[in-house]
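All of the numbers you see were taken from the coordinates with simple rules; none came from a lab. Note that the coordinates shown come from a computational prediction; the quantities given were computed from them, not determined experimentally. All Cβ positions, glycine included, derive from the backbone under ideal geometry; neighbour counts span all protein chains shown.
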Amino acid sequence: MTSLAAVTEELRSGYHRQLEEIDTAMARMIAVVTEAIAGADAALLGGDDGAVATVALRREEIKVLHTTVESLVFTQLVRQAPVAGELRFLIGVLRIVPEVELTAALAGDIARRGGMHVGSELSPRIRGLVSQLFDHALGMWRLASDAYRDRAPEILEQLEARDEEIDELHASLTGELTSGILRAPVVYEMALVARFLERLGDHAVEVGRS
């Protein structure tokens, strides 16, 4: 007959395996969304039509991972009644997951505009500002990945500083877009892109806070 202690130990072992599965899936989500941002850059500024489809695939993968992670987290919250650090980890994951999915959606929106080839009509100055925004957003998400992996809340200060830089670049880009050098339809699409890029930084900051 199996002892109560053995059963309890097996349950706890299974519980910790589930926590590791959640952690792995969460790290994968952050890695994939970083790939999606890079793909959006290639689609918009590089005119890479293949990147549009790739970003769409990354977004779908994140949707699947989102569902999986939330299901696993809620299962552990209901069945295991986690405490202390385990509870903080699970609640943190629930806060991060929507930030990652929203970021993937923004990357998809930017990539679709790359598929419209609006990037080919940009002036050198505007292309430069957009490129800097992408670089900052990618850098912030890599920092967010480090913050999550290393459980390093001190990285938040770096993220907030980078976010202020993104806000400044966004303001500069908006000023260029209103200068009248682009066709009105391109200005409209790029104004949306500028806003999407600025939001990429906001979501990275929220991951750092969680």
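A few notes on this one:
- Cα-projected label distance for Arg95 with Glu160, points at 7 Å along beta-carbon direction, nm: 1.4
- Most mobile listed residue (Ala111, Ala137, Ala31) in the chain, GNM with C-alpha springs under 10 Å: Ala31
- Rough spin-label spacing in nm, given labels placed 7 Å along Cα→Cβ, for Ala27 and His117: 4.3
- FRET efficiency, Arg151 to Leu57 (Cβ-Cβ, R0 25 Å, nearest 0.05): 0.25
- Helix 4-44 and the longest principal axis of the C-alpha atoms of the chain enclose an angle of approximately 10°.
- Extension gain, Arg195 back to Ala81 (0.36 nm per residue minus Cα-Cα distance, nm): 37.0 nm
- At 0.890 mPa s and 25 °C, Stokes D of region 111-210 from Kirkwood alpha-carbon radius, µm² per second: 174
- The chain, Cα convex hull volume normalised per residue, Å³: 105
- Axis of helix 49-80 versus longest Cα principal axis of the chain: the two differ by about 30°, to the nearest ten degrees.
- Ellipticity estimate at 222 nm from DSSP helix runs (n ≥ 4, -39,500 (n - 2.57)) divided over the chain, nearest 500: -31000 deg cm²/dmol
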